[in-house]
Amino acid sequence: DLQNCRTHQSIYTCLSRGSTYEGTIIVQAFDPSKLTGGISGSLRQEFRELELLDEITKLRYLGTISPKVSGITRNELVHSFRKWKGERFMPKTIHKALKWTSSDPFPIEDVQSDSTWQVVEKSQKGARTEPVQPRAEGYVAARGTQTLS
């Protein structure tokens with residue numbers, strides 16, 4: 001029942017249940033603006049950041065990225081890249097629906113600090129936590145991790 005779907009994601013989910021286009025029947029009308037009305041701001045930002053991460057990956061592969069572009073979290077990495085390239089930079093391949101303009105800006109925001117990870121271990125007297133800080137290399141290896149050669 002597409003009429004009761006709240007967003008384009010739920011319409012997609014309903015329609016994806018059919019095995020073929022020819023075998024899908026829509027039996028009642030539904031609000032087409034749910035498909036053509038655009039995406040939410042947070043989803044647009046997610047797609048924009050994914051485009052920037054794709055550009056970062058490409059430039060790293062080509063060896064043409066600045067050493068200033070770094071970070072152990074996605075937030076830090078995107079922030080440093082945008083500081084390097086500037087707020088107006090957009091990858092050449094970005095879809096027109098994701099492009100930022102003066103009327104639909106994508107400002108460089110401050111880096112958000114992430115919460116400290118907590119390792120929870122069960123002891124005989126109950127659970128205790130030990131804060132774990134990320135290493136400078138960019139990750140914290142899981143207990144039991146073995147290096148592959």
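Points to keep in mind about this one:
- Residue within segment 34-47 that is touching a His at 6+ places or on another chain (Cβ under 6 Å), under 24 Å from Pro105 (Cα atoms) and not small (Gly, Ala, Ser) present: yes
- Positions within segment 1-31 being more than 18 Å from Leu43 (Cβ to Cβ), surrounded by fewer than 10 Cβ atoms within 10 Å (Cβ to Cβ) and not charged (D, E, K, R), in sequence order: Asn4, Ser19, Thr20, Tyr21, Gly23, Ile25, Val27, Gln28, Ala29
- Test result for Thr93, farther than 30 Å from Leu2 by Cβ, open to solvent by 80 Å² or more (accessible area, probe 1.4 Å) and part of a loop (DSSP other than H, G, I, E, B): yes
- Residue within segment 12-32 that is touching a Leu at 6+ places or on another chain (Cβ under 7 Å) and aliphatic (A, V, I, L, M) present: yes
- Only one of the numbered conditions (1) at pLDDT 90 or above; (2) surrounded by 10 or more Cβ atoms within 10 Å (Cβ to Cβ); (3) of a type in the set (D, E, K, R) is violated by Arg128, and that is (1).
- Verdict on Lys85 being open to solvent by 70 Å² or more (accessible area, probe 1.4 Å), among the basic types (Lys, Arg) and modelled with pLDDT of 70 or more: yes
- Within segment 11-55, being of a type in the set (Phe, Trp, Tyr), part of a loop (DSSP other than H, G, I, E, B) and either free of Cβ contacts under 8 Å to residues at least 12 places away in the same chain or within 22 Å of Leu98 (Cα to Cα) (or both) holds for one residue alone: Tyr21.
- Taking the numbered list (1) closer than 30 Å to Arg6 by Cα; (2) of a type outside the set (Asp, Glu); (3) surrounded by 10 or more Cβ atoms within 10 Å (Cβ to Cβ) in turn, Gly71 passes all entries but (1).
- Condition met for Lys58 (part of a helix (DSSP H, G or I), within 15 Å of Phe106 (Cβ to Cβ), open to solvent by 90 Å² or more (accessible area, probe 1.4 Å) and modelled with pLDDT of 85 or more): no
The values are calculated or read from the model by the stated rules, or taken from the named source; none is laboratory data. What you are looking at is a predicted structure, and each value in this text was computed from that prediction instead of being measured. Positions of Cβ are backbone-derived with ideal geometry, glycine not excepted, and every protein chain shown enters the neighbour counts. Side chains are part of the model used for accessible areas, which takes the heavy atoms of the whole protein and leaves out ligands, DNA and RNA. Shrake-Rupley method; radii C 1.70, N 1.55, O 1.52, S 1.80 Å.
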